[in-house]
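Down below is the structure, laid out as structure tokens.
The values are calculated or read from the model by the stated rules, or taken from the named source; none is laboratory data. Fair warning: this is a prediction, and the values are worked out from it, not measured in the lab. Here the Cβ is made from the backbone with ideal geometry for all residues, glycine too, and neighbour counts use every protein chain on show. Note: accessible area is taken over every heavy atom of the protein model, side chains too, but ligands, DNA and RNA are not part of it. Shrake-Rupley method; radii C 1.70, N 1.55, O 1.52, S 1.80 Å.
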Amino acid sequence: MTICIIAEGCYPYVVGGVSSWIDSMIRSFPQYDFCIVAILADRDRRGKFAYDLPENVISVSEVYLNDEDFAPVTKIHKNRTQLQGSERYALNYMLSGDRDRWDDVFDMFAKKPSVNDLLMGPDFLDAVKRVYDRGHTDAVFTDFLWTMRSMYLPLCFTLETDIPKADLYHCAATGYSGVIGAMAKHFYHKPLLISEHGIYTREREEELIRAQWVKGEYKDIWIAQFRKMSTLAYNRADLVTSLYGHARQLQLELGCPKEKTLVTPNGIDPSRYQDIPGKPPEDEGYTVFGAIIRVAPIKDVITLIRAFSIAKKKASDIKLYICGPWEEEEEYAKSIFDMVDNMGLGDVVFTGRIRTPDYIGRMDCLVLTSISEGQPLTILEGYAAKKPSIATDVGNCRGLIEGESDSFGKAGIVTHIMHAEETAQAMLEMRNHPILRRQMGENGYKRLMNGYKLTDMQQTYADIYSNFLEESDERRQ
């Protein structure tokens, strides 16, 4: 039996987060073969894997959102881009979102039309004019047209994906992954499972609201595009999972049918954190904070450094380890290194990529200043080692720290995003109250063992996979 994992911007190119979850899932089910459809921004990342692939990964296919049209420009090829009646209707509905004509869209792109010819051709121009006349006439038409072309370019490349045959398609998000999953279901009539860690549409909305490259009403147009793709994924999926209750509620608000939804929390293996090394001699006498993160803008390392600097002025006996890769965002990482040097912060240590059990024992408390998260594995890893967390109020961080359905008590402190002073105060509270800090660590351990073990997650997905694969086998017969 073969399961096709469809993932955007993560596995196997980026470590941590969703990538770690995918790698864990594949290794948890050695009885199944897995093929990967990996969606990347462009060809610069081609084949640059950050993981050693498990033996049961039989193939990796790459899809590039910002690509070139390599189709030959011939008379025959050009004729193929002249749309038929049903295809024109499909194109119009794809742009307007009035009706679901996605099956016609999938069939049209199965013919591999030239993306360049299509977006620069008369049919696309007519479709854009229809959308423009129905509600965007305040915009300059040429700007509107080029916005629509830039918006549909990555979607068109996605729609031309050669999807491997499998018995089950498992998307790690909606968005472009969900489009490929829906397309696979259309062509192969196999079950489609979607597992959202963060809510893709909401994350894109937050990014667009903060973005400088898109202005005014064009933000709303882009947001509508991502909602349209998520609606497609939700409607075509057989099951849509989320990590916690509030995320499920967001899925429902975005139109996912309630009967398709299921909450499946993350899980880790607590046995990996038994008998781990403690503090080395150079850390004795310090209260040690650890951030197990990628050095990337979404983790808001700037706020973390500022918070540590503020706390350091009031308590010289604190130390900060930032553990994780920085090569993925080299320019941002360099700005962080320069910031630490310019501030003269000698007790900030960048370790690079680590094996978490080797380092987490030396830490007294974990810190997470992210501006977006799902259900962070790093918090659960801390709990496995009986370490509390300071974390921003994003994703399920508050639920993990304060509890959602248990009475174990707080396992850390929740702060507001981009609030260095508040994070600094939380660090000082952890430093000044070691007994409370250790009790919070115990609370976190109890919460982990109560509902976030890897075996719990594995059993949930074992049942899901088994049911879907049995269904797929029945369809084959």
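Can you work out D for the range 277-377 in µm² s⁻¹ from Stokes-Einstein, where Rh is the Kirkwood radius over C-alpha pairs, the temperature is 25 °C and the viscosity is 0.890 mPa s? Translational diffusion coefficient: 176 µm²/s. The dipole here belongs to the range 383-424: it is taken about the Cα centre, uses +1 on the Cβ of Lys and Arg and -1 on the Cβ of Asp and Glu, and is about 220 debye. Using C-alpha pairs under 8 Å with a sequence gap of at least 6, the mean separation divided by the residue count of the chain gives a relative contact order of 12 percent. Taking amide H as placed 1.01 Å from N in the peptide plane, the amide H of Val263 sits under 5 Å from that of Ser242, each at least 5 places away or on another chain. Of the listed residues Leu53, Leu448, the order by accessible area with a 1.4 Å probe, largest first, is Leu53, Leu448. Note on Arg46: accessible area approximately 140 square angstrom, rounded to 10, probe 1.4 Å, nucleic acids and ligands left out. Picking from Ser61, Ile354, His416, whose Cα lies most toward the positive end of the charge dipole for the chain (charges on Cβ: Lys, Arg +1; Asp, Glu -1)? Result: His416.
Which Cα, out of Asn443, Leu345, Pro376, lies furthest along the positive dipole direction of the range 322-449 (beta carbon charges, K/R +1, D/E -1)? Checking the options against the dipole of the range 322-449, the answer is Asn443.
Projecting the Cα atoms of Ala211, Thr264, Ile298 onto the charge dipole of the range 189-319, computed from C-beta unit charges around the Cα centre, puts Ala211 farthest toward the positive end.
How large is log10 I(q)/I(0) at q = 0.13, 0.26, 0.32 Å⁻¹ when the Debye formula is applied to the Cα atoms of the range 173-213, each weighted equally and without solvent? Values returned for q = 0.13, 0.26, 0.32 Å⁻¹ are -0.37, -0.85, -1.03. One decimal place: the segment Glu442-Asp393 gains 15.5 nm when fully extended, by the rule 0.36 nm per residue minus the C-alpha distance. Normalised size of the chain, defined as Cα radius of gyration per 2.2 N^0.38 Å with N residues, equals 1.05.
For a label point 7 Å from the Cα of Thr351 along Cα→C-beta, name the residues of the range 1-30 whose backbone N is under 17 Å from it. Taking a point 7 Å out along Cα→Cβ of Thr351, the residues of the range 1-30 whose backbone N falls under 17 Å are 15-17.
Projected onto their three principal axes, the Cα atoms of the range 135-216 cover extents of 47, 26, 20 Å, largest first.
Roughly how big is the range 1-49's charge dipole about its Cα centre, with Cβ charges of +1 (Lys, Arg) and -1 (Asp, Glu), in debye to the nearest 20?
Here the size comes out at about 120 debye.
For the range 273-287, putting each phi into the Karplus relation 6.51 cos²θ - 1.76 cosθ + 1.60 with θ = phi - 60° gives couplings of 10, 8, 6, 7, x, x, 6, x, x, 5, 9, 4, x, 9, 8 Hz, in residue order, rounded to whole numbers and with x for Gly and Pro.
When the surface is traced with a 1.4 Å probe over the full set of protein chains, Phe49 keeps roughly 80 Å² accessible.
Taking 0.36 nm per residue of sequence separation and removing the Cα-Cα distance, the Glu404/Ala110 pair yields an extension gain of 101.2 nm.
Could you compute the FRET efficiency for Gln31 and Lys279, with r as their C-beta to C-beta distance and R0 at 30 Å, rounded to 0.05? Result of the calculation: an efficiency of 0.15. Apply the Debye scattering formula to the range 321-463, with a single equal point scatterer on each alpha-carbon and no solvent, then give log10 I(q)/I(0) at q = 0.09, 0.13, 0.17 Å⁻¹. Once normalised to I(0) and log-transformed, intensities are -0.30, -0.62, -1.04.
For the chain, what is the calculated [θ] at 222 nm in deg cm²/dmol (nearest 500), taking -39500 (n - 2.57) for each run of four or more DSSP H residues and dividing by its residue count?
-15000 deg cm²/dmol
Checking every one of the trypsin sites (Lys or Arg not before Pro) in the range 322-429 against DSSP loop status and a limit of 16 other Cβ atoms within 10 Å picks out Arg353, Arg355, Lys410. Net charge dipole, the chain: roughly 300 debye, given to the nearest 20, about the Cα centre with Cβ charges of +1 for Lys and Arg and -1 for Asp and Glu.
Students often get this wrong, so check it: of Lys334/Lys446; Lys334/Lys410; Lys260/Lys387; Lys314/Lys334; Lys228/Lys410, which have C-alpha atoms separated by over 31 Å?
Table pairs above 31 Å Cα-Cα are Lys334/Lys446; Lys334/Lys410; Lys260/Lys387; Lys228/Lys410.
Computed over protein heavy atoms with a 1.4 Å probe, the accessible surface of the chain works out to 44 Å² per residue.
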